[in-house]
Amino acid sequence: MVRAPAGTSPFVTDEPQHFGSGWLSGTIGAVLGIAASGTAVCLALPQHLTLPALRASYPVPFVVSALHAAIPLAFVLGLLSLWLRRKKTLGAIAIGTAALAATVFAVAPPLDAAGSTTVGLGVDVFVFTLVVYAAVFLPLERLWPLRAEQPTFRPEWWTDLAWFASSALLMQATSFVILAPANALATTTPAGLRAAIASLPLVVQFPAIVLVSDLVQYHVHRACHRVPLLWRFHAIHHSATSMDWLAGSRLHVVDAVLTRSLVYLPLAMLGFAPAAIAAYLVFVAAQATFVHTNLRWRLAWLEPWLVVPRFHHWHHADSVRDVNFAVHVPWLDRVFGTFHLPAKDWPDAYGLADGATGPRGFLRQLLAPFGRR
Ligand SMILES: [Zn+2]
Ligand SMILES: [Zn+2]
């Protein structure tokens, strides 16, 4: 029996992934199963596993009906994949997670989602964002792959899923650390200025927020590359050697909290309206995911105005260092002399310079920046 090399994913296989190969049924079944089990535990323990700010507004009867449909569907798709595919990992995950969801659902009936606790893990955020991103980006990466040879469940896919999950689960805690200091400092700016900015139309506030945040983000990001102490944390993001919709999730919590605190500070102090800031948060989450995708769209018409995948892929190239720091507005890099975008090319490879591999696995990556140099 041929063993997969150490460190590769249990999903790596030379089997085809076309329609009828059991790959599609296994993948959809696995995503549905993971989402169903996450939803079932959220329904059983909403007071601990959902964000207090969101839980009161959940349509529980609708969610229960969706679970009634998703659990058997994940089972059937898992069985289909097991039958069609030699490698059983995807089918086993679909059936295992569907069984887990059915068990939790049977033994722990849904509680009222409006639990009274004030602290909760964001399992709901994890399930929701995983389903939405998988539904949008998995098909796009399958239809228009930049690197067709790169499997969806590439090596280190699980490491990046762990980063994705941890940032969703700890959302309440990190949001508090990010928002509290900025909101306290916001009272130091003149109330008249804040009121004037908050009363501007949203179509003016939104691009202003994009510009202000990217100006701050550009310099914080550049400092993360220059200052050795900050680079220890930011290097984790750059240790990814494959780009796809999940790769951008590999962001050390210290890196994420530091950058977001500093980016949010001027937004709070200038007094932008909560609706405009909320729209920006949705935009930044979607764009940060999009720019890492394994998607060959060049989007030449958009390239001068908005950061697109090719621009950010060059930021991750192992051959060029310290270019393309902007996350929204690419001409900031032109202004500050760090712009790098060859006419049509994409980088050959990604990762840290000099072939350094960096720590492997979620826990090692989480702890490595605190260790000895
Ligand atoms: Zn960087
Ligand atoms: Zn990145």
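Taken together, the values in this text are just the output of simple stated rules run on the coordinates, not laboratory data. As the structure is a computational prediction, the values presented were derived from the model and not from experiment. Backbone-built Cβ (ideal geometry, glycine too); neighbour counts: all protein chains shown.
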Mean Cβ count within 10 Å, highest first, over the residues of peptides 57-64, 238-245: 238-245, 57-64
message: Please compute the length gained on full extension between Leu185 and Asp345, using 0.36 nm multiplied by the number of residues separating them and subtracting their Cα-Cα distance.
response: 53.1 nm
- line: Using alpha-carbon coordinates alone, the radius of gyration and Dmax of the stretch 217-371 in Å work out to 15.5, 46
message: Averaging the inverse of every distinct alpha carbon separation and then flipping it gives the Kirkwood radius. What is it for the stretch 23-152, in angstrom units?
response: 15.4
Where labels lie 7 Å past Cα in the beta-carbon direction, separation of Ala173 and Ser57 in nm: 2.5
query: Cα-based Rg (one decimal) and Dmax (whole number) for the chain, in Å?
result: 21.8, 73
Whole-number percent relative contact order across the chain, with pairs defined as alpha carbons under 8 Å at least 6 apart: 17
- line: With no solvent term and unit scatterers on the alpha-carbon positions of the stretch 144-185, Debye gives log₁₀ I(q)/I(0) at q = 0.22, 0.25, 0.35 Å⁻¹ of -0.76, -0.85, -1.05
- request: Express in % the proportion of alpha carbon pairs of the stretch 171-213 at distances exceeding 17 Å.
  value: 51
- prompt: Once both labels are modelled 7 Å past Cα along the beta-carbon direction, what's the Ala278-Val64 spacing in nm?
  reply: 2.7
statement: Note on the stretch 23-152: contact order normalised by length, alpha-carbon pairs under 8 Å, 6 or more apart, percent, works out to 42
query: Measuring from label point to label point, each 7 Å out along Cα→Cβ, what is the Arg142 to Glu15 span in nm?
result: 1.4
message: Given 25 °C and 0.890 mPa s, compute D for the stretch 36-102 with the Stokes-Einstein relation, Rh being the Kirkwood radius over Cα pairs; round to the nearest whole µm²/s.
response: 190
- prompt: What percent do you get for the relative contact order of the stretch 172-370 when only Cα pairs under 8 Å and 6+ apart count?
  reply: 26
